[in-house]
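Here the structure comes first, spelled out in structure tokens, and everything after it is commentary.
Throughout, read-outs are computed from the coordinates displayed, never taken from laboratory work. All values reported here derive from a predicted model rather than from experimental measurement. Don't worry about glycine lacking a Cβ; one is built from the backbone with ideal geometry, like all the others, and counts go over all protein chains shown.
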Amino acid sequence: MKKITFLLLTTLFSYSYSYSQGTLEHTYSSGVQKANMSGVLGVNTANGFKYYTFNRSTNLVEIYNQSHVLETSFTIPLDAGHFLSEFIFVTDKLFNNDNQIEFLYKSYKTGDTDNKKMYLCNDTGVLLQSFPGKYYAGIVKDNSNNYKMIVSGALQNPATNSYDYDVYGLTGTLSTEQQDILTQKTVVFPNPSNNVINISNTSNTGRASTLQIFSADGKKVLEEKHAEEEIKIDVSALQNGVYIYKLGDKSGKFIKN
């Protein structure tokens with residue numbers, strides 16, 4: 001009986017081990033990276049799932065199909081002296097109802113921190129729209145199921161001492177997967193952590209938001225103002241356990257170990 005039990009446990013262990021590993025399909029090299037990996041390098045389109053990479057030396061974007069075969073490449077439009085900061089949103093149906101993929105991205109100019117800009121181009125490298133002075137964008141859905149894009153700059157308007165927000169009406173729609181991006185919570189990593197956590201604010205608009213951290217019994221252990229897109233918090237002094245954090249209207253959990 002002991003021998004049979006041992007063989008059964010060995011079989012179960014081997015089965016679990018065999019199916020608990022991911023299989024490496026392909027390795028990409030790209031000049032873009034985000035702490036929140038949702039939507040990075042990949043996008044669901046009407047023509048299937050696509051991967052994309054960016055070369056910072058040449059400003060070249062390459063698009064691959066789901067089998068990792070190169071389909072097309074193009075050079076993104078950028079102002080002279082500007083460098084790509086981040087791809088904000090990649091979609092094939094939100095901005096235009098054609099078969100092309102649109103890239104919404106932002107740039108900055110080295111040595112001139114106030115010189116920032118957003119662009120919208122398609123997968124042939126055609127510039128569809130530019131947003132001078134703008135650096136943040138969010139996509140929302142109204143009660144009539146219409147999508148709106150809200151953009152703002154990184155600096156206050158000196159005339160009003162406040163931030164200007166421009167609202168754009170969009171005629172397109174999103175896939176189910178891309179709709180999930182709009183409702184996702186802030187992302188915390190690493191999780192669990194025994195030292196420092198990084199909170200990625202996916203809806204950051206450049207304005208300071210209140211970050212609060214509560215213990216499992218509801219006791220507030222931290223409250224700070226942050227305007228960064230990536231927030232670093234030292235949690236080494238916290239007791240081990242589960243904590244709840246709130247950042248603006250977003251919330252989530254992390255484990256201190």
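Approximating the spin labels as points 7 Å out from Cα along Cα→Cβ, the Ser130-to-Val69 distance works out to 3.7 nm.
With the simple model of a label 7 Å out from the Cα in the direction of the Cβ, Lys253 to Val221 spans 1.4 nm. The magnitude of the dipole of region 42-183, with charges of +1 and -1 set on the Cβ of Lys/Arg and Asp/Glu and taken from the Cα centre, is near 180 debye. With a threshold of 30 Å on the Cα-Cα distance, the over-threshold entries among Lys50/Lys134; Lys116/Lys253; Lys148/Lys250; Lys50/Lys246; Lys141/Lys220 are Lys116/Lys253; Lys50/Lys246; Lys141/Lys220. Note that region 192-197 has calculated 3J(HN,Hα) couplings of x, 8, 10, 9, 10, 10 Hz, one per residue in order, obtained from phi through the Karplus relation 6.51 cos²θ - 1.76 cosθ + 1.60 (θ = phi - 60°); glycine and proline are x. In sequence order, region 122-132 has phi-based couplings of 9, 6, 9, x, 7, 6, 8, 6, 10, 10, x Hz under the Karplus curve 6.51 cos²θ - 1.76 cosθ + 1.60, θ = phi - 60°, and Gly or Pro positions carry x. Provide the FRET efficiency to the nearest 0.05 for the Ser29-Ile244 pair, computing r from the beta carbons and using R0 = 41 Å. My answer for the efficiency is 0.60.
Taking amide H as placed 1.01 Å from N in the peptide plane, the amide H of Asp92 sits under 5 Å from that of Glu102, each at least 5 places away or on another chain.
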